[in-house]
Amino acid sequence: MPSYEPDFRLDGYEAVNNNVAEQFWGSIGIEQDDMTVLAEHHSADGEHSFFVMHNRAVTWGIPGEPQIAALHLKRDPATRTFRFASEMLPLPSMAQSWLVARGCPEEEILLPDGMGTAPANDATRALEKRLRSDGDHFALLTSYTYDSEPIETTVLLRALDEKAALPFRVLLEEVDSDAWTHTLREGGFQTFEAATQWWEAHWRGDKPPLPAASPAARHTTVAATGVPARPAPPRGPSR
């Protein structure tokens, strides 16, 4: 992954208060040197900046934690102060969705060619587009990123619509390190228990197939935050 340290364009700006300053340092600034910008967009008036970044520091921490940082900076040119919001997410498309929901134009936050792995097929591209463009139908319950070979990420989502036919979804991203491509697939489950059973079997090495999500519901995608109604499933294997 290319080394591209972020420029947050905060010269001459200060956090709006001490609390924001401490939060920014604790969640972004302290690990800025370990972050690689995957995509960024800055509004023409200079008041907003949006970043999708990979945080290498996460790979040295708790196994399985999300490695993609989404950051929205909001500047006030009149007072030369800034606020921010950020979220750690397991997939770039989910980080993009989080930023789009906060006002970033979708077409401006796409990853440029050569930045990260490329989608391996049209199905992956279509699913990533759905995830980017419609970020308020599902809540993120848990995820696991396995960054050794074979590189995989699993994500468990819950529909916010209580009437959804398949309220629990699993996303599975698999990386082909030789071809430098990735595939992303989606499975639908009627119950939390069924999704958990698939999750446990997958990380045991059984590799069960993902049950298809219903076509009528596949246009919806991921909300980046959410509190699970039940305990999250096992996170995945240890390194």
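What do you reckon, is GLU40 modelled with pLDDT of 95 or more, touching an Asp or Glu at 6+ places or on another chain (Cβ under 9 Å) and among the acidic types (Asp, Glu)?
Against the criterion (modelled with pLDDT of 95 or more, touching an Asp or Glu at 6+ places or on another chain (Cβ under 9 Å) and among the acidic types (Asp, Glu)), GLU40 qualifies.
Restricting to segment 82-99, name every residue that is part of a strand (DSSP E or B) and aromatic (Phe, Trp, Tyr).
Selection gives PHE82, PHE84.
Would you please name the residue that is nearest to PRO92 (Cα to Cα), looking only at residues in segment 6-33 that are of a type in the set (Val, Ile, Thr) and not in a helix (DSSP H, G or I)?
Applying the filter and picking the extreme gives ILE28.
Right, ARG132: within 18 Å of ALA39 (Cβ to Cβ), outside the structural domain of HIS48 (by TED's automatic domain parsing) and surrounded by 21 or more Cβ atoms within 10 Å (Cβ to Cβ) or not?
yes
Just to verify a result, which residue in segment 29-56, among those that are of a type in the set (A, V, I, L, M, F, W, C) and within 16 Å of the chain's Cα centre (by Cα), is nearest to LYS74 (Cα to Cα)?
The selected residue is PHE50.
Being in contact (Cβ under 8 Å) with a residue 24 or more places away in the chain and of a type in the set (D, E, K, R) is the filter; apply it to segment 21-44 and report the residue that is nearest to LEU110 (Cα to Cα).
The residue in question is GLU40.
In segment 153-176, what residues are surrounded by fewer than 15 Cβ atoms within 10 Å (Cβ to Cβ) and at pLDDT 95 or above?
Of everything in segment 153-176, just one residue is surrounded by fewer than 15 Cβ atoms within 10 Å (Cβ to Cβ) and at pLDDT 95 or above, namely ASP176.
Of all residues being among the hydrophobic types (A, V, I, L, M, F, W, C) and surrounded by fewer than 21 Cβ atoms within 10 Å (Cβ to Cβ) in segment 69-94, which is nearest to ARG185 (Cα to Cα)? Just the residue, please.
MET88
Assigned to a loop (DSSP other than H, G, I, E, B) and of a type in the set (Ser, Thr, Tyr): which single residue out of THR36, THR79, THR59 fits that description?
Going through THR36, THR79, THR59 in turn, the sole match is THR79.
The values are calculated or read from the model by the stated rules, or taken from the named source; none is laboratory data. The structure displayed is predicted, hence computed values, not measured ones. Ideal geometry is used to build each Cβ from the backbone, glycine not excepted, and the neighbour counts take in all protein chains shown.
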